[in-house]
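What follows is a short report on a single structure.
The values are calculated or read from the model by the stated rules, or taken from the named source; none is laboratory data. Keep in mind it's a predicted model, so treat the numbers as computed, not measured. Glycine also receives a Cβ, built like all others from the backbone with ideal geometry; neighbour counts cover every protein chain displayed. These accessible areas exclude ligands, DNA and RNA; they are computed on the full protein's heavy atoms, side chains included. Shrake-Rupley method; radii C 1.70, N 1.55, O 1.52, S 1.80 Å.
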Amino acid sequence: MPRNCFGEEELTYLQEVIESQDAWRWGRSNFVPRFEEAFGAHLGRKYVHAVNSGTSANTTAYASLGLDAGDEIICPAVAPIFVSFPVVAIGCVPVFADVDPRTQIISAEGIEARITPRTRAVVVVHLNGQPAMMREIMAVAKKHNLKVIEDCSQSYDAYYKGRKVGTIGDVACFSMQQSKHITSGEGGMVATDDPELYKRATEFSNSGMPWYLYDLERPEAKPLNGLPTRGHFSFGHDFRFSELQGAVAFAQLEKIDQFNARRRELVEKIETELCNVAGVRLAYVYPETQPNYWVYPVWGPESLGCRGELNYIEVEYQRMQAMRQTSVGVPLPDYVQYVPGSCPNAEKSTRGAWSFFVHHSVEDDELERAIQTFKEKVKDA
Ligand SMILES: Cc1ncc(COP(=O)(O)O)c(C=O)c1O
(Lines give C-alpha, C1' and ligand atoms only; values in the text may rest on other atoms or scores of the structure.)
Protein backbone atom coordinates (compact mmCIF):
# COMPACT_ATOMS: atom_id res chain seq x y z
CA MET A 1 0.00 0.00 0.00
CA PRO A 2 1.22 3.51 -0.77
CA ARG A 3 3.02 5.54 1.86
CA ASN A 4 3.75 9.26 2.04
CA CYS A 5 0.36 10.06 0.59
CA PHE A 6 -0.66 12.86 2.92
CA GLY A 7 1.03 15.98 4.26
CA GLU A 8 0.67 19.33 5.96
CA GLU A 9 -2.10 20.49 3.61
CA GLU A 10 -4.42 17.65 4.63
CA LEU A 11 -3.64 18.25 8.31
CA THR A 12 -4.42 21.96 8.04
CA TYR A 13 -7.82 21.34 6.46
CA LEU A 14 -8.61 18.48 8.82
CA GLN A 15 -7.88 20.72 11.76
CA GLU A 16 -10.44 23.18 10.42
CA VAL A 17 -13.07 20.43 10.38
CA ILE A 18 -12.20 19.20 13.85
CA GLU A 19 -12.33 22.72 15.25
CA SER A 20 -15.73 23.25 13.66
CA GLN A 21 -17.04 20.29 15.71
CA ASP A 22 -19.24 19.46 12.73
CA ALA A 23 -17.88 16.67 10.53
CA TRP A 24 -20.87 15.18 8.68
CA ARG A 25 -21.71 15.71 4.99
CA TRP A 26 -23.23 19.12 5.61
CA GLY A 27 -20.80 20.31 8.28
CA ARG A 28 -20.12 24.01 8.53
CA SER A 29 -16.50 23.91 7.27
CA ASN A 30 -18.02 23.22 3.83
CA PHE A 31 -15.18 21.12 2.42
CA VAL A 32 -17.43 18.64 0.62
CA PRO A 33 -19.20 21.26 -1.54
CA ARG A 34 -15.91 23.10 -2.07
CA PHE A 35 -14.30 19.87 -3.21
CA GLU A 36 -17.22 19.00 -5.49
CA GLU A 37 -17.06 22.39 -7.16
CA ALA A 38 -13.27 22.26 -7.52
CA PHE A 39 -13.38 18.75 -8.99
CA GLY A 40 -16.11 19.77 -11.44
CA ALA A 41 -13.90 22.62 -12.65
CA HIS A 42 -10.86 20.34 -12.83
CA LEU A 43 -12.72 17.65 -14.81
CA GLY A 44 -14.93 19.90 -16.90
CA ARG A 45 -18.33 18.65 -15.70
CA LYS A 46 -21.19 20.77 -14.34
CA TYR A 47 -22.31 18.59 -11.46
CA VAL A 48 -20.19 16.52 -9.09
CA HIS A 49 -21.55 14.58 -6.14
CA ALA A 50 -19.13 12.96 -3.67
CA VAL A 51 -20.03 9.69 -1.90
CA ASN A 52 -18.38 7.37 0.60
CA SER A 53 -16.67 4.92 -1.79
CA GLY A 54 -16.00 4.19 -5.42
CA THR A 55 -18.42 1.25 -5.27
CA SER A 56 -21.08 3.63 -3.94
CA ALA A 57 -20.23 5.96 -6.82
CA ASN A 58 -20.77 3.14 -9.35
CA THR A 59 -24.05 2.17 -7.67
CA THR A 60 -25.20 5.80 -7.56
CA ALA A 61 -24.20 6.47 -11.17
CA TYR A 62 -26.15 3.43 -12.38
CA ALA A 63 -29.13 4.35 -10.19
CA SER A 64 -29.08 7.89 -11.60
CA LEU A 65 -30.17 6.45 -14.97
CA GLY A 66 -33.56 5.46 -13.54
CA LEU A 67 -33.56 1.91 -14.93
CA ASP A 68 -36.08 -0.84 -14.17
CA ALA A 69 -35.47 -4.16 -12.44
CA GLY A 70 -34.29 -6.75 -14.96
CA ASP A 71 -32.80 -4.17 -17.33
CA GLU A 72 -29.40 -5.22 -18.61
CA ILE A 73 -26.19 -3.25 -18.18
CA ILE A 74 -23.19 -4.33 -20.23
CA CYS A 75 -19.98 -4.52 -18.18
CA PRO A 76 -16.39 -5.25 -19.20
CA ALA A 77 -15.32 -8.88 -18.75
CA VAL A 78 -12.09 -7.60 -17.17
CA ALA A 79 -12.60 -5.13 -14.33
CA PRO A 80 -12.71 -5.07 -10.54
CA ILE A 81 -15.88 -6.72 -9.23
CA PHE A 82 -16.89 -3.27 -7.87
CA VAL A 83 -18.00 -2.48 -11.41
CA SER A 84 -20.56 -5.27 -11.85
CA PHE A 85 -21.83 -5.93 -8.30
CA PRO A 86 -23.49 -2.47 -8.22
CA VAL A 87 -25.47 -3.52 -11.30
CA VAL A 88 -26.83 -6.43 -9.26
CA ALA A 89 -27.42 -4.13 -6.29
CA ILE A 90 -29.81 -1.90 -8.26
CA GLY A 91 -31.82 -4.89 -9.48
CA CYS A 92 -30.36 -4.98 -12.99
CA VAL A 93 -28.56 -7.81 -14.78
CA PRO A 94 -24.82 -7.62 -15.56
CA VAL A 95 -23.97 -8.87 -19.04
CA PHE A 96 -20.25 -9.24 -19.72
CA ALA A 97 -18.73 -8.06 -22.97
CA ASP A 98 -15.38 -9.11 -24.35
CA VAL A 99 -12.37 -6.80 -24.37
CA ASP A 100 -9.56 -5.77 -26.67
CA PRO A 101 -6.84 -8.31 -25.82
CA ARG A 102 -4.13 -5.65 -26.30
CA THR A 103 -5.44 -3.53 -23.43
CA GLN A 104 -8.12 -5.62 -21.65
CA ILE A 105 -10.46 -2.65 -22.21
CA ILE A 106 -14.07 -3.20 -23.32
CA SER A 107 -14.42 -2.88 -27.08
CA ALA A 108 -17.22 -1.57 -29.30
CA GLU A 109 -17.46 -4.99 -31.00
CA GLY A 110 -17.63 -6.74 -27.64
CA ILE A 111 -20.49 -4.45 -26.59
CA GLU A 112 -22.42 -4.81 -29.83
CA ALA A 113 -22.28 -8.63 -29.59
CA ARG A 114 -24.11 -8.50 -26.24
CA ILE A 115 -26.97 -6.13 -27.03
CA THR A 116 -30.49 -7.47 -26.49
CA PRO A 117 -33.91 -5.75 -26.31
CA ARG A 118 -33.34 -5.36 -22.52
CA THR A 119 -29.95 -3.60 -22.79
CA ARG A 120 -30.15 -0.08 -21.42
CA ALA A 121 -26.60 0.97 -20.59
CA VAL A 122 -22.92 0.13 -20.83
CA VAL A 123 -20.19 0.72 -18.27
CA VAL A 124 -16.88 1.60 -19.86
CA VAL A 125 -13.92 1.15 -17.53
CA HIS A 126 -10.87 3.16 -18.52
CA LEU A 127 -8.68 0.39 -17.19
CA ASN A 128 -5.28 0.88 -15.54
CA GLY A 129 -5.26 4.58 -16.48
CA GLN A 130 -5.83 4.01 -20.21
CA PRO A 131 -8.75 5.58 -22.09
CA ALA A 132 -11.12 3.25 -23.93
CA MET A 133 -11.87 3.77 -27.64
CA MET A 134 -14.71 6.16 -26.95
CA ARG A 135 -15.61 7.21 -30.49
CA GLU A 136 -16.47 3.65 -31.53
CA ILE A 137 -18.19 2.91 -28.21
CA MET A 138 -20.29 6.09 -28.32
CA ALA A 139 -21.33 5.23 -31.90
CA VAL A 140 -22.62 1.79 -30.80
CA ALA A 141 -24.36 3.36 -27.80
CA LYS A 142 -26.05 5.95 -30.01
CA LYS A 143 -27.14 3.32 -32.54
CA HIS A 144 -28.80 1.21 -29.80
CA ASN A 145 -29.96 4.09 -27.59
CA LEU A 146 -27.81 3.08 -24.62
CA LYS A 147 -26.64 5.25 -21.75
CA VAL A 148 -22.88 5.30 -21.19
CA ILE A 149 -21.29 5.29 -17.75
CA GLU A 150 -17.57 6.01 -17.72
CA ASP A 151 -15.77 4.42 -14.79
CA CYS A 152 -12.70 6.61 -14.27
CA SER A 153 -11.63 5.16 -10.92
CA GLN A 154 -8.29 4.13 -12.40
CA SER A 155 -7.99 6.97 -14.90
CA TYR A 156 -8.06 10.47 -13.50
CA ASP A 157 -6.79 13.06 -15.96
CA ALA A 158 -6.37 10.65 -18.89
CA TYR A 159 -7.25 12.05 -22.30
CA TYR A 160 -9.09 10.64 -25.30
CA LYS A 161 -8.64 12.76 -28.44
CA GLY A 162 -7.98 15.83 -26.31
CA ARG A 163 -10.95 15.27 -23.97
CA LYS A 164 -10.62 14.15 -20.39
CA VAL A 165 -12.16 10.76 -19.75
CA GLY A 166 -15.27 11.22 -17.65
CA THR A 167 -16.57 14.02 -19.89
CA ILE A 168 -17.69 11.89 -22.85
CA GLY A 169 -20.47 9.56 -21.64
CA ASP A 170 -23.69 10.43 -19.78
CA VAL A 171 -22.27 10.03 -16.29
CA ALA A 172 -18.87 9.23 -14.80
CA CYS A 173 -17.76 7.67 -11.54
CA PHE A 174 -14.50 7.81 -9.63
CA SER A 175 -13.00 6.07 -6.58
CA MET A 176 -10.91 7.89 -3.99
CA GLN A 177 -9.81 4.72 -2.20
CA GLN A 178 -6.25 4.78 -0.85
CA SER A 179 -4.48 3.53 -4.01
CA LYS A 180 -6.12 5.97 -6.43
CA HIS A 181 -4.75 9.14 -8.10
CA ILE A 182 -6.22 11.20 -5.26
CA THR A 183 -7.53 9.73 -2.04
CA SER A 184 -9.58 10.44 1.04
CA GLY A 185 -8.85 6.93 2.37
CA GLU A 186 -12.21 5.79 1.05
CA GLY A 187 -14.49 7.86 -1.13
CA GLY A 188 -15.99 8.29 -4.57
CA MET A 189 -17.64 10.74 -6.95
CA VAL A 190 -20.30 10.89 -9.60
CA ALA A 191 -19.98 13.55 -12.33
CA THR A 192 -22.41 14.57 -15.05
CA ASP A 193 -23.67 17.54 -17.05
CA ASP A 194 -27.28 16.39 -16.76
CA PRO A 195 -29.19 18.01 -13.86
CA GLU A 196 -31.74 15.16 -13.75
CA LEU A 197 -29.00 12.55 -13.35
CA TYR A 198 -27.32 14.69 -10.69
CA LYS A 199 -30.60 15.03 -8.80
CA ARG A 200 -31.28 11.28 -8.87
CA ALA A 201 -27.69 10.57 -7.80
CA THR A 202 -27.98 12.97 -4.86
CA GLU A 203 -31.29 11.51 -3.74
CA PHE A 204 -30.19 7.89 -4.15
CA SER A 205 -27.10 8.42 -1.98
CA ASN A 206 -29.03 10.41 0.64
CA SER A 207 -31.94 8.06 1.41
CA GLY A 208 -34.14 9.74 -1.13
CA MET A 209 -33.76 13.25 0.26
CA PRO A 210 -33.30 15.88 -2.46
CA TRP A 211 -30.52 17.95 -0.90
CA TYR A 212 -29.23 19.27 -4.20
CA LEU A 213 -26.59 21.94 -4.56
CA TYR A 214 -25.88 24.12 -7.62
CA ASP A 215 -28.98 26.24 -6.90
CA LEU A 216 -31.27 23.48 -8.17
CA GLU A 217 -34.77 23.74 -6.82
CA ARG A 218 -35.61 21.24 -4.07
CA PRO A 219 -39.12 19.90 -3.58
CA GLU A 220 -40.53 20.39 -0.10
CA ALA A 221 -41.82 17.65 2.14
CA LYS A 222 -45.60 17.94 2.53
CA PRO A 223 -47.73 16.50 5.35
CA LEU A 224 -50.01 13.57 4.53
CA ASN A 225 -53.41 13.64 6.22
CA GLY A 226 -51.97 16.18 8.63
CA LEU A 227 -49.07 13.85 9.50
CA PRO A 228 -45.47 14.99 8.99
CA THR A 229 -43.20 13.52 6.29
CA ARG A 230 -39.43 13.99 6.26
CA GLY A 231 -39.02 14.28 2.50
CA HIS A 232 -37.81 10.85 1.35
CA PHE A 233 -38.92 11.33 -2.23
CA SER A 234 -37.39 8.15 -3.64
CA PHE A 235 -35.60 4.97 -2.58
CA GLY A 236 -31.97 5.39 -1.59
CA HIS A 237 -29.05 4.57 0.67
CA ASP A 238 -26.87 6.65 2.94
CA PHE A 239 -23.63 6.88 0.95
CA ARG A 240 -22.71 10.29 2.33
CA PHE A 241 -19.14 11.63 2.20
CA SER A 242 -18.01 13.30 5.43
CA GLU A 243 -16.33 16.65 5.98
CA LEU A 244 -13.22 14.80 7.21
CA GLN A 245 -13.02 13.02 3.86
CA GLY A 246 -13.88 16.24 2.02
CA ALA A 247 -11.02 18.11 3.71
CA VAL A 248 -8.51 15.45 2.67
CA ALA A 249 -9.87 15.18 -0.87
CA PHE A 250 -9.76 18.98 -1.28
CA ALA A 251 -6.08 19.04 -0.25
CA GLN A 252 -5.28 16.12 -2.56
CA LEU A 253 -6.90 17.74 -5.57
CA GLU A 254 -4.66 20.79 -5.13
CA LYS A 255 -1.66 18.45 -5.58
CA ILE A 256 -2.90 16.26 -8.45
CA ASP A 257 -0.62 17.77 -11.14
CA GLN A 258 2.40 17.03 -9.01
CA PHE A 259 1.15 13.47 -8.40
CA ASN A 260 0.58 12.95 -12.12
CA ALA A 261 4.09 14.16 -12.97
CA ARG A 262 5.62 11.63 -10.58
CA ARG A 263 3.51 8.83 -12.12
CA ARG A 264 4.86 9.77 -15.56
CA GLU A 265 8.44 9.54 -14.26
CA LEU A 266 7.79 6.04 -12.93
CA VAL A 267 6.22 4.93 -16.22
CA GLU A 268 9.15 6.31 -18.24
CA LYS A 269 11.53 4.30 -16.10
CA ILE A 270 9.55 1.08 -16.68
CA GLU A 271 9.36 1.67 -20.42
CA THR A 272 13.07 2.45 -20.68
CA GLU A 273 14.06 -0.62 -18.69
CA LEU A 274 11.74 -3.08 -20.39
CA CYS A 275 11.44 -1.90 -24.00
CA ASN A 276 14.19 -4.20 -25.24
CA VAL A 277 13.56 -7.23 -23.07
CA ALA A 278 12.82 -10.28 -25.23
CA GLY A 279 9.40 -11.79 -24.60
CA VAL A 280 7.96 -8.68 -22.93
CA ARG A 281 5.16 -6.57 -24.39
CA LEU A 282 4.64 -3.07 -22.97
CA ALA A 283 1.25 -1.39 -22.56
CA TYR A 284 -0.49 -0.83 -25.89
CA VAL A 285 -1.64 2.79 -26.18
CA TYR A 286 -4.51 3.69 -28.53
CA PRO A 287 -3.80 6.49 -31.02
CA GLU A 288 -4.67 10.00 -29.84
CA THR A 289 -4.95 8.94 -26.21
CA GLN A 290 -2.94 10.04 -23.22
CA PRO A 291 -3.03 7.53 -20.36
CA ASN A 292 -2.43 8.49 -16.74
CA TYR A 293 -1.54 5.10 -15.38
CA TRP A 294 -2.86 3.72 -12.11
CA VAL A 295 -0.87 0.54 -12.68
CA TYR A 296 1.31 -0.07 -15.72
CA PRO A 297 0.35 -3.33 -17.49
CA VAL A 298 2.90 -5.53 -19.27
CA TRP A 299 2.76 -9.04 -20.71
CA GLY A 300 5.50 -11.63 -20.39
CA PRO A 301 5.68 -15.31 -21.38
CA GLU A 302 2.52 -17.30 -20.63
CA SER A 303 4.45 -19.39 -18.11
CA LEU A 304 4.36 -16.34 -15.78
CA GLY A 305 0.81 -17.47 -15.00
CA CYS A 306 -2.66 -15.91 -15.35
CA ARG A 307 -3.60 -12.56 -13.84
CA GLY A 308 -6.72 -10.45 -14.29
CA GLU A 309 -10.11 -9.74 -12.83
CA LEU A 310 -12.66 -11.78 -14.77
CA ASN A 311 -15.88 -11.02 -12.90
CA TYR A 312 -17.99 -13.86 -14.25
CA ILE A 313 -15.58 -16.52 -12.96
CA GLU A 314 -15.97 -15.40 -9.32
CA VAL A 315 -17.80 -17.62 -6.83
CA GLU A 316 -20.81 -15.33 -6.48
CA TYR A 317 -21.33 -15.31 -10.26
CA GLN A 318 -21.10 -19.10 -10.26
CA ARG A 319 -23.83 -19.10 -7.63
CA MET A 320 -25.99 -16.80 -9.78
CA GLN A 321 -25.31 -19.05 -12.78
CA ALA A 322 -26.44 -22.13 -10.83
CA MET A 323 -29.54 -20.42 -9.36
CA ARG A 324 -30.42 -18.68 -12.66
CA GLN A 325 -31.03 -15.45 -10.76
CA THR A 326 -28.95 -12.54 -9.52
CA SER A 327 -27.91 -12.24 -5.87
CA VAL A 328 -31.04 -10.12 -5.22
CA GLY A 329 -33.42 -12.57 -6.91
CA VAL A 330 -33.79 -11.07 -10.38
CA PRO A 331 -34.17 -13.92 -12.94
CA LEU A 332 -31.39 -14.36 -15.49
CA PRO A 333 -32.54 -14.76 -19.10
CA ASP A 334 -31.25 -17.97 -20.75
CA TYR A 335 -28.79 -16.08 -22.92
CA VAL A 336 -26.99 -14.64 -19.86
CA GLN A 337 -24.31 -17.19 -19.04
CA TYR A 338 -21.53 -16.71 -16.50
CA VAL A 339 -19.28 -19.48 -17.79
CA PRO A 340 -15.63 -19.90 -18.78
CA GLY A 341 -15.21 -19.44 -22.53
CA SER A 342 -17.81 -16.67 -22.82
CA CYS A 343 -15.26 -13.85 -23.33
CA PRO A 344 -12.29 -15.51 -25.10
CA ASN A 345 -10.17 -12.36 -25.59
CA ALA A 346 -10.50 -11.47 -21.94
CA GLU A 347 -9.54 -14.96 -20.85
CA LYS A 348 -6.58 -15.12 -23.22
CA SER A 349 -5.34 -11.70 -22.10
CA THR A 350 -4.86 -12.91 -18.51
CA ARG A 351 -2.03 -15.23 -19.62
CA GLY A 352 1.37 -13.77 -18.88
CA ALA A 353 -0.22 -10.53 -17.60
CA TRP A 354 1.75 -8.51 -15.06
CA SER A 355 1.55 -4.97 -13.73
CA PHE A 356 3.64 -2.38 -11.92
CA PHE A 357 2.16 -0.14 -9.29
CA VAL A 358 2.98 3.43 -10.33
CA HIS A 359 1.43 5.32 -7.46
CA HIS A 360 3.09 8.70 -6.98
CA SER A 361 4.39 7.61 -3.57
CA VAL A 362 6.44 4.73 -5.03
CA GLU A 363 10.17 5.35 -4.47
CA ASP A 364 12.79 4.87 -7.23
CA ASP A 365 14.51 1.98 -5.47
CA GLU A 366 11.16 0.26 -4.85
CA LEU A 367 10.29 0.41 -8.56
CA GLU A 368 13.81 -0.68 -9.49
CA ARG A 369 13.40 -3.80 -7.32
CA ALA A 370 10.01 -4.57 -8.87
CA ILE A 371 11.48 -4.28 -12.37
CA GLN A 372 14.45 -6.52 -11.52
CA THR A 373 12.14 -9.15 -10.00
CA PHE A 374 10.02 -9.13 -13.15
CA LYS A 375 13.08 -9.39 -15.42
CA GLU A 376 14.32 -12.40 -13.45
CA LYS A 377 10.93 -14.08 -13.69
CA VAL A 378 10.88 -13.52 -17.45
CA LYS A 379 14.40 -14.95 -17.79
CA ASP A 380 13.46 -18.05 -15.81
CA ALA A 381 10.16 -18.52 -17.57
C1 LIG B 1 -12.46 0.56 -11.99
C2 LIG B 1 -12.93 0.62 -10.57
N3 LIG B 1 -14.23 0.89 -10.33
C4 LIG B 1 -14.70 0.95 -9.08
C5 LIG B 1 -13.89 0.74 -7.99
C6 LIG B 1 -14.48 0.76 -6.62
O7 LIG B 1 -13.86 1.68 -5.79
P8 LIG B 1 -13.82 1.52 -4.19
O9 LIG B 1 -12.72 0.55 -3.89
O10 LIG B 1 -13.49 2.91 -3.75
O11 LIG B 1 -15.13 1.06 -3.73
C12 LIG B 1 -12.53 0.46 -8.19
C13 LIG B 1 -11.64 0.23 -7.05
O14 LIG B 1 -10.60 -0.33 -7.09
C15 LIG B 1 -12.04 0.39 -9.51
O16 LIG B 1 -10.76 0.13 -9.77
(Q) Tell me yes or no: at least one residue of region 110-133 is surrounded by 23 or more Cβ atoms within 10 Å (Cβ to Cβ) and over 19 Å from the mean Cα position of the chain (by Cα). (A) yes
Q. Could you count how many residues in region 119-150 are over 19 Å from D71 (Cα atoms) and of a type outside the set (K, R)?
A. 14
Q: Please verify whether region 201-209 includes one or more residues that are within 12 Å of the ligand (Cβ to nearest atom), crowded, with 16+ Cβ neighbours inside 10 Å and assigned to a loop (DSSP other than H, G, I, E, B).
A: no
Q: Search region 339-381 for residues being part of a strand (DSSP E or B) and aromatic (F, W, Y), and hand back the single one that is most open to solvent (accessible area, probe 1.4 Å).
A: F357
Q) On the given criteria, is D215 without any contact (Cβ under 8 Å) to a residue 12 or more places away in the chain, away from the ligand (no atom under 16 Å from the Cβ), within 29 Å of E254 (Cα to Cα) and surrounded by fewer than 24 Cβ atoms within 10 Å (Cβ to Cβ)? A) yes
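With the structure loaded, tell me whether D157 is under 18 Å from the mean Cα position of the chain (by Cα) and surrounded by fewer than 17 Cβ atoms within 10 Å (Cβ to Cβ) or whether it fails that test.
The answer is no for D157.
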**Q.** From I115, I106, residue being within 16 Å of the ligand (Cβ to nearest atom) and among the aliphatic types (A, V, I, L, M)
**A.** I106
Q.
Return the residues of region 147-170 that are within 12 Å of the ligand (Cβ to nearest atom) and among the charged types (D, E, K, R); say none if nothing qualifies.
A. E150, D151
Q) Restricting the first residue to region 120-134 and requiring it to be under 22 Å from F259 (Cα atoms), which pairs with a second residue that is assigned to a helix (DSSP H, G or I) and within 13 Å of the ligand (Cβ to nearest atom) meet a Cβ separation below 8 Å and a spacing of at least six or different chains? A) V125/V83
**Q.** Selection within region 171-198 - near the ligand (Cβ under 9 Å from one of its atoms) and among the hydrophobic types (A, V, I, L, M, F, W, C)
**A.** C173, F174, M176
Q: Starting from residues that are under 14 Å from K147 (Cβ atoms) and open to solvent by 40 Å² or more (accessible area, probe 1.4 Å), keep the ones in region 25-80 and report whichever is nearest to the ligand (Cβ to nearest atom).
A: L67
Q) Taking into account only those residues within region 271-326 that are more than 29 Å from Y156 (Cβ to Cβ) and among the small types (G, A, S), which is least open to solvent (accessible area, probe 1.4 Å)? A) G305
